[in-house]
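Derivation of every value follows stated rules applied to the coordinates shown; laboratory data play no part. Note that the structure is a prediction, hence the values are computed from the model and not measured. Neighbour counts run over all protein chains shown; Cβ positions are idealised from the backbone, glycine included.
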Amino acid sequence: MFERLGKRSGGRDRGDVHMGEPGFLRKLVRPRKLESVFLFVTSKCNSNCRTCFYASEHQEGRDMTFDEIRRISDTAPDFDKLWIAGGEPFLRKDLAEIIEMFHRHNGVKAINLPTNGLLPDPVEKIVGRLLDSCPGMTIHLNFSLDGLGETHDQVRRVPGNFDKTVATMERIESAFGSHPHLHRNVATVVTPIAYEGLFDLGAYLFQKFNLATQYFESVRGEPRDPELEPIDRARLEALHESLMPLYEGMADRLFGEMRPGVRDFARLYFIGTIRLLYRLQEQNLEGPCDWGMRCTAGQTTFVIDHDGGFRACELRPRIGRMQDFDFDLGAALRSTGLRDEIAAIGGGARANCWCTHTCWMLASLKFSPGTLLYRIPRAYFDYRRNGSRAFDPAEHRLRDIEERIEQARS
Ligand code: SF4
Ligand code: SF4
């Protein structure tokens, strides 16, 4: 969700708070143009998650071929960020070639790479290759962990999943841990069955790994297990509140080596953005509530499904198929279907569609000067006024959490 602040004394990243792209705050007023492409590279998956909102797609249609994706890249304008999605992306054999192609042809500067962590060899091989072949590109490697120990395995319905993912994370940390362009994050889906252990999960990961951040998303879309309802608002608020000491600790790690003034500024935006996003999640959990900024889905974001279908965001219906545009992304972006969809969304409010999806909130807030200049700092100062707490490792000892993981298994 967040990129580290540039630590180099020279170079273009100096002094910027990165949140998804270089130069985040330098570009306060930016035209709404394509900024992020969400590309589902495969529908195949080696997991069976109860939370999966893409499950109905797993058996349907074929994945786009490399040549079809190459045509998309050839016809796309330059854009900053490529969000890889699936399925399990690392099941795709030509994943590295696809990413390299978008980096070279389309100037992609940052890539979001999610994984369930069950394929350690491809993860290490592909990440290593990309760090060498795309030296200026930032890789956000996002591991999925939805619960502590066995609870994660129950959510994902894969025996031993938690241990395997943690082992993959250890392997990546030891291979590339200090690489400045690799940011390791954890994505956690909040469900009622894992709720009680989620703070422990955060405290465990924070102490065991040098993560850039961990973000928590309420279960969304139509999950494979319809009984997995989102938790209620009061419990979500309590969870977010309990996590703040961990985010304070992450800010210390991310910005600790910076000059004092710059460090304070970076902390303000890091914590303020988290507070704002979590507040929006809470407010939209049970019904539509104005984001206070326009949702830019379809204008700055474009989603391409594994079989060529496309949409404005992950939660909206399909608008068309890339096949009908001969995989010409420029033509799809100019299509009447997309124009009508953007008008129907109306910045979120007109379609009365709402969501708790922080990826789209983040993608949208970059285009809202009022949010950048006022609402994020205000969220930070409101939080500070109500008191804040640092993470205390003595209160949440790693060894105690590991013992709780083992006890739950026996
Ligand atoms: S949530 Fe992701 S890892 Fe789980 S089944 Fe769906 S695509 Fe696979
Ligand atoms: S508000 Fe949410 S569901 Fe509606 S268009 Fe924006 S991202 Fe999609």
Practice task
Give the order of F381, F38 when sorted by the count of other beta carbons within 10 angstrom, beginning with the fewest.
Solution key: F381, F38
Problem - Cα-based Rg / Dmax (Å) for the chain - result: 20.2, 59
Exercise for the section: Only bridges with both residues in the chain count here: give the DSSP antiparallel percent, nearest 5. Expected result: 10 percent
Exercise for the section: Give the cross-link partners of K33 among the aspartates and glutamates, using a straight C-alpha distance below 12 Å as the criterion and excluding same-chain residues fewer than 8 apart. Expected result: D78, D80
Problem - Residue exposure sequence - Y195, Y269 - by fewest surrounding Cβ within 10 Å - result: Y195, Y269
Practice task
Return the calculated 222 nm mean residue ellipticity for the chain, to the nearest 500 deg cm²/dmol, obtained by summing -39500 (n - 2.57) across DSSP H runs with n ≥ 4 and dividing by the residue count.
Solution key: -12500 deg cm²/dmol
Handout entry: Cβ charges +1 (Lys, Arg) and -1 (Asp, Glu), total dipole of segment 7-409, debye
Key = 1540 debye
Exercise for the section: Positive end of the charge dipole of segment 7-409 (Lys, Arg +1 and Asp, Glu -1 on Cβ, about the Cα centre): tell me which of S43, Y195, L254 has its Cα farthest that way. Expected result: L254
Completion exercise
Per GNM of the chain with C-alpha springs under 10 angstrom, the most fluctuating residue out of A297, A266, A331 is A331
Handout entry: Residue order, fewest to most beta carbons within 10 Å, for Y374, Y215
Key = Y374, Y215
Handout entry: GNM top mover of P377, P135, P245 - the chain, alpha-carbon springs below 10 Å
Key = P135
Practice task
Considering only D340, D328, D153, give the residue with the highest GNM mean-square fluctuation for the chain, with springs between Cα atoms whenever their separation is below 10 Å.
Solution key: D340
Handout entry: For segment 120-179 versus segment 265-304, the gap between their alpha-carbon centres in whole angstrom
Key = 26 Å
Practice task
Please identify the helices of the chain, taking whole runs of DSSP H, that span at least 18 Å along their own axis as judged from the Cα atoms and have a mean Kyte-Doolittle score of 1.0 or higher.
Solution key: none
Handout entry: Residues with amide H under 5 Å from that of W83, placed H, sequence gap 5 or more
Key = V37, F38, L39, N112
Problem - FRET efficiency for D324 and A394, using Cβ-Cβ distance with R0 set to 51 Å, rounded to 0.05 - result: 0.25
